[in-house]
Amino acid sequence: MEGYIEAISLDDGAIRLTLSPDVAGTVRTSVGQFIEALETGRRPGVLRRRLSNWRLFAHAYPRPKPSRQFRQRHNGWMRESLHASACRIRDAWPDEPTFVLDRAAIADWFAVCGQAQTLYIHRRSPNPLQGSFGHGKAFWLAQVQQYVATAACGHDWQRLLEYDDQQDSQGD
Amino acid sequence: MSGRKRDVRRRDSGVTRAWAVLLHDDDINTVEGVCYVLYEVFGIPVENGAHAAAEVSSTGSAVLGQYESQEQAESFVAQLQLYGLCATMKWV
């Protein structure tokens, strides 16, 4: 699939995100599948495997017991937060695949595009994309997340790149 | 949690100890993504976030902050994990 993504920083901290129709369709499908998985606890696919907390969230402590206690205290509201973010993205989906995202919407998109990849790949695997059935979806989710993050950092990121270029040229 | 015992030990030894929040390297998150999350969660400027991301990439992890309160450290870890970052905490 050949896709197109553009994310532009706007002056007020918002970004304008434009997706080609096929990328938009892929992301929209993934967001829907992510919402369903959070509601049913099952990932898409023939086997309908569980969407476990450890697949979404790393262990918080070096030792298992406090990590389990952390999960009991936090993973519930964390899943609910992701579900709410995904629902907001779905409900605000426009007719044309151009989105103006304010700061709250940027946070929703970043979190959901990152975490929805866990439906298709194991993020802590040494080679996350290998052998996974939905690696195309995961790829485009990662791309959109990357564009959103870069645009959200906006002019600061551009200044940093220019500074790095100056340092490199002075070192040559 | 044995927080009370640890507080006593800290007073006896005279050494300040705290809960450290750590960010670990992974094969998924990019420098730009880490910078964005660190700005959102901690208010860390993009340039400092890039330095932290570089440290994580080169050494495998970086300490993002140290907190007296376990609850506060857990709150930061949960927020970072919500964005998909591999964050942990430990008593140091």
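The values are calculated or read from the model by the stated rules, or taken from the named source; none is laboratory data. Treat the numbers as computed from the prediction; the structure is a model and nothing was measured. Ideal geometry is used to build each Cβ from the backbone, glycine not excepted, and the neighbour counts take in all protein chains shown. SASA here: full protein model, heavy atoms, side chains in, ligands and nucleic acids out. Shrake-Rupley method; radii C 1.70, N 1.55, O 1.52, S 1.80 Å.
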Item to check | Identity of the residue in region A:49-63, within 10 Å of chain B (Cβ to nearest Cβ) and among the small types (Gly, Ala, Ser), that ends up surrounded by the most Cβ atoms within 10 Å (Cβ to Cβ) | outcome: A:60
Item to check | Index of the failed condition, residue A:102 passing every other in (1) at pLDDT below 95; (2) farther than 18 Å from residue A:36 by Cβ | outcome: (1)
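Yes/no per residue for (1) at the interface with chain A (Cβ under 9 Å from one of its Cβ atoms); (2) touching a residue at least 40 places away in the same chain (Cβ under 8 Å); (3) not hydroxyl-bearing (Ser, Thr, Tyr):
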residue	(1), (2), (3)
B:48	no, no, yes
B:51	no, no, yes
B:54	no, no, yes
B:60	no, no, yes
B:64	no, yes, yes
B:68	no, yes, yes
B:75	yes, no, no
B:81	yes, no, yes
B:85	yes, yes, yes
Item to check | Residues satisfying the stated conditions in region A:128-158, i.e. under 26 Å from residue B:49 (Cα atoms), at pLDDT below 90 and either open to solvent by less than 30 Å² (accessible area, probe 1.4 Å) or in contact with an Asp or Glu (Cβ under 8 Å, 6 or more places away or on another chain) (or both) | outcome: A:128, A:154, A:156, A:157
Item to check | Criterion: away from chain B (no Cβ under 11 Å), in contact (Cβ under 8 Å) with a residue 60 or more places away in the chain, under 16 Å from residue A:118 (Cα atoms) and within 16 Å of the chain's Cα centre (by Cα) - qualifying residue of A:23, A:31 | outcome: A:31
Checklist entry - Looking at (1) touching a Phe, Trp or Tyr at 6+ places or on another chain (Cβ under 6 Å); (2) at the interface with chain A (Cβ under 7 Å from one of its Cβ atoms), which is the only condition residue B:37 fails? => result (2)
Checklist entry - Restricting to region A:5-48, what's the tally of residues that are touching a strand residue (DSSP E or B) at 6+ places or on another chain (Cβ under 7 Å), surrounded by fewer than 16 Cβ atoms within 10 Å (Cβ to Cβ) and of a type outside the set (A, V, I, L, M)? => result 5
Checklist entry - Name the residues in region A:64-83 that are open to solvent by 60 Å² or more (accessible area, probe 1.4 Å), of a type in the set (D, E, K, R) and more than 9 Å from every other protein chain (Cβ to nearest Cβ), would you? => result A:65, A:68, A:80
Checklist entry - Which one of the conditions (1) open to solvent by 20 Å² or more (accessible area, probe 1.4 Å); (2) modelled with pLDDT of 95 or more; (3) in contact with a Pro (Cβ under 8 Å, 6 or more places away or on another chain) does residue A:122 fail to meet, given that it meets all the rest? => result (2)
